Amino acid sequence: MSAARIVFIGGLLSYRALFNWLNPWIFIPTLVLLPIFQILLFAFMGRQANLESDQFFVIGNAVQSASTPCLWGMTSAIAGERSSRTLGLLLASPAPRVATFVGRAIPVIANAWIVSLISFAVGAWLLRVDLPPSRWPAIAVLVLVGSVSCTGLALVLAAISLRVRDTATLANSMYGVLLIFCGVNVPLAALPGWMPAVSAWLPLTRTIEATREVAAGASLGHVGGLVLHELALTSGYLLLGICILRYFEASSRAKATLEVV
Amino acid sequence: MTSTVEVTDLCRSFKTSTGLLWRSHRTTEAVRDLSFSVERGELFGLLGPNGAGKTTTIKMLITLLLPTSGVARVLGIDVARDPQAVRSRIGYVFGGERGLYERLSAADNLRYFAELYGVSPRSQRTRIAELLELVDLSGREKERVEGFSRGMRQRLHIARGLLHDPEVLFLDEPTIGIDPVGARQLRELVVRLREAGKTILLTTHYMLEADLLCDRIAVIDKGQLLALGTPTELKSSVDIGQVIEVETFGLPQTAIDRIETLDGVRTVTASVRGHLQLLVVQGHPGAEVTGSVLAAVDDQVVHRVLTREPTLEDAYVALVGGS
């Protein structure tokens, strides 16, 4: 019971405490308007260059917009403990660590899902992308999968940022990597040979592919393999993130590496 | 019967490296063969200058750091071997403005830590209300912490440390940077906690505070124990002679240096008090130094001269200054 409360109640409280973008003056321009501008920018460039359809750009950029709240939200919610000097208090508590840190992922996922859905809906409306209403539920499920998978990667970055401290650089760099490598604006087949090999290890790649297939008329069952692949990768990232957090905590006791109080 | 806190030959060293290509390594001994014990219900003070090893010692006792060697037990539990068992039975409060979630209200800060310490949902509301009352923050619980004064934050820290009703409380410089009224309120709170049966280990820089509050005091410097006893024992254990306080204006360093070399003078400390300078001169036992000290500041404007009995601060200066 206690672990469940730490996951849900503790996760939400700490997310509210440490993710300072929840202020509407930051949330709306950064998490609502910016993704829409990104969709429009790439769609208009695509039109000018006679490349992919507007739908291609709406799907790629809307799904990728989940990475902003995931990367910055998760790293803030964990690395923020250090700047607020609450990390020592957290580590000196008897709370189960997995529940404490993974619990913070739940509001991150919810936030990313909402942001991504808003980008999707507004982007599609502005560009007159015609998506039949029957396809939206499946798209919403896939956007959720994308938010979960991106949060897995974000947990790894958050764990690393406890030690390297430069949260913003890590999150910015990873945002760029996801934008280029995941087939957001350029089809994977058009990328140079080595790049799709990297894409295969990144979250969002399969979600974007699956969402494009569903938007084109495929059923959720048809893209089940891609979804399972994405979730397996997510599990790997979550496990890696937890291992890094555990290692840092243990090494901090031995070497005082986290300067915890 | 075992002591509540037992520290035996505790050592902690830190290895640091500098340089990019040719790295040089250095080992700093932060705590060296430290031994002391704290009995149940005792308020025990740990005094020492900056860098003496007080916080490192506390970090080891609250399980955040592993000792390099030696043993530390809290409530009979080895802090290195079973940290989890120790964590649920101790509380930890440190001084300063940080260590709270600024964007959350006082109540939400307490609620979060109540979850971390497994305080049952049924008792959380009552417990938080009781503690807010205890630390005089009732009525302010819905306000965000970012608007709190330093004293209010510190009181909230104490409430946080007490959420799970710990048997042992570690207070690391809780009154640092707080105004005199706030510091007095905190000291009164600490006294109430001791009366409630808590075992408290307190570190502080304020001698008056240690003298007022502590049953026993350990003075440490450079990681080593210099003295251990009640405040009265410490005062009498150090062979301090006459203490002269001279209030003056703009005393040059050369004059201070001259006083230090006078016969019979043991230590000289100078500090600024408002627009005045306060010179505290400790003499060797039996030495009469008032005349020679006054002669040394003859060409200065002297506001006031006072001779008095040694205080805990004098004992501390004699101990740390002579170490």
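Distance distribution note for the protein assembly as shown: the fraction of Cα pairs above 30 angstrom is 61%.
Principal-axis analysis of the Cα atoms of chain B puts helix B:150-162 at an angle of about 50° to the longest axis. Solvent-accessible area of B:ARG12, all protein chains in place: 10 Å² (probe radius 1.4 Å, heavy atoms, ligands and nucleic acids excluded).
Ranking request for peptides B:55-62, B:70-77, B:116-123: highest mean number of other beta-carbon atoms within 10 Å first, then the rest in descending order. Could the numbers behind the result be given before it?
Values: B:55-62: 24.8, B:70-77: 19.6, B:116-123: 16.0.
Listed from highest to lowest mean packing, they are B:55-62, B:70-77, B:116-123.
The Cβ shell under 11 Å around A:SER161 holds other residues with a net charge of +1, Lys and Arg each +1, Asp and Glu each -1. Percentage of Cα-Cα pair distances in chain B greater than 34 Å, rounded to whole percent? Everything past 34 Å amounts to 35 percent. Annotation: amide H of B:VAL265 within the under-5 Å range of B:HIS284, sequence separation 5 or more or interchain, hydrogens built in the peptide plane. Look at the dipole of the protein assembly as shown built from charges on Cβ: of A:TRP201, A:LEU155, B:GLY151, the Cα furthest out on the positive end belongs to A:TRP201. Taking Cα atoms only, the orientation of helix B:121-134 departs from the longest principal axis of chain B by about 30 degrees. Centre-to-centre, using Cα atoms only, the range B:15-63 and the range A:1-55 are separated by 44 Å.
For the range B:238-322, what is one quarter of the convex hull surface built on the Cα atoms, given in nm²? Walk me through the intermediate numbers first.
Working: hull surface 20.5 nm².
Across all orientations, the range B:238-322 yields a mean hull projection of 5.1 nm².
Checking the cross-link pairs B:LYS198/B:LYS222; B:LYS15/B:LYS198; A:LYS255/B:LYS235; B:LYS15/B:LYS235; B:LYS198/B:LYS235 against a 32 Å limit on the alpha carbon distance flags B:LYS15/B:LYS198; A:LYS255/B:LYS235; B:LYS15/B:LYS235 as lying beyond it. Tally Lys/Arg at +1 and Asp/Glu at -1 over every other residue whose Cβ is under 14 Å from the Cβ of B:GLN154; what's the total? Counting the neighbours of B:GLN154, the net charge comes to +2.
Seen against the Cα atoms of chain B and their longest principal axis, helix B:312-321 is set at about 80 degrees. Residue by residue along B:57-68, Cβ atoms of other protein chains within 10 Å of the local Cβ number 4 on average. Residues whose amide H lies under 5 Å from that of B:LEU202, counting only those 5 or more places away or on a different chain, are B:PHE44, B:GLY45, B:LEU46, B:LEU171; hydrogens are built 1.01 Å from N in the peptide plane. Local charge for B:ASP314 was computed over the other residues whose Cβ lies under 12 Å away, with Lys and Arg +1 and Asp and Glu -1, and equals -2.
Within chain A, the whole DSSP H helices whose Cα atoms reach 20 Å or more along their own axis and whose mean Kyte-Doolittle score is at least -1.0 are A:34-48, A:67-83, A:105-126, A:136-164, A:167-181, A:224-255.
The values are calculated or read from the model by the stated rules, or taken from the named source; none is laboratory data. This structure is a prediction, so every number in the text was calculated from the model and none was measured. Neighbour counts are summed over all protein chains in view; Cβ atoms, including those assigned to glycine, are modelled from backbone coordinates with ideal geometry. When the accessible area is computed, the model is the full protein with side chains, heavy atoms only, and any ligands, DNA or RNA have been set aside. Shrake-Rupley method; radii C 1.70, N 1.55, O 1.52, S 1.80 Å.
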